[in-house]
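Have a look at the structure below, then the notes.
Every read-out reported here was derived from the displayed coordinates using simple, explicitly stated rules and does not represent laboratory data. Remember, it's a predicted structure, so these values are computed and weren't measured experimentally.
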Amino acid sequence: MKNCIFVLFALPLLAQFGSPANLAGTTQSSIISSIAFDEFGNVFAVWPQQSATSGSTINIVASVYSGVTWSTPVVLISSNKNSYPNISAMSGYAIAVWAQATTANVQGIFSSSFSSGSWSSGASTVIDSVTTVSNAYSQPKVAINVTNSGVFGVAVWTYNTGVNTQIQASTYTSLEGWDNPTTISSTSTAINAFAPQIQIYKNNTAVATWSQTSGSSGYIQYSIYNPTTGLWTPSAAIPNQ
């Protein structure tokens, strides 16, 4: 039996869950899915799935539920190693992000966007990449906001410099795409940051949080993105109780 991706819908009028639906099929293993809803009732799911033609290739696959049934899964990218998918949705739009390592040892954070009923065509967008450090990228998270000006998004992830781990961030607009990544955590080699999270306010102000360790001490840090200046505040600790 292969690992599969199942989904359950809550039925509030009956106070119970419906029957599980298998999105990924049973021929290839699938794990670690991410799911997002929008206010119109659309549901977006992404997951890594073993390729049907090469057991060493892990694809990123997506499916959309529009109120009637799930769409046929779409391969967003096929590469040597894809992992940690995450997705955010609003007003019929969605952005998925994931970490990737190709056969050429290019490590990176990649993305694909959904609008007008389909995923972005062609090669997925590279937000950032390096060739010098193995397993350099992990744990990407994304959030989006849709206004009259278009789609605004923020992605955050853990970046391994080879000495320590840091949190990086990139912002997105539907007109300009992704900007150059910014390191928003401490760059001190004595500090390791990981497990980032991101949320966006209605005015496109964003707040990122993450865990951070220094020696035997651990704490939660945060940084705030100002959409007017386009800058992140210096990282600061959330006080412990």
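Over the stretch 23-237, what is the relative contact order in whole percent, taking alpha-carbon pairs under 8 Å and six or more residues apart?
Numbers: 571 pairs, mean separation 23.7, N = 215.
Relative contact order comes out at 11 percent.
From the C-alpha coordinates alone, can you work out the Kirkwood hydrodynamic radius of the stretch 23-237, in Å?
Numbers: mean 1/r = 0.0564 Å⁻¹.
When all Cα pairs of the stretch 23-237 are included, the Kirkwood radius is 17.7 Å.
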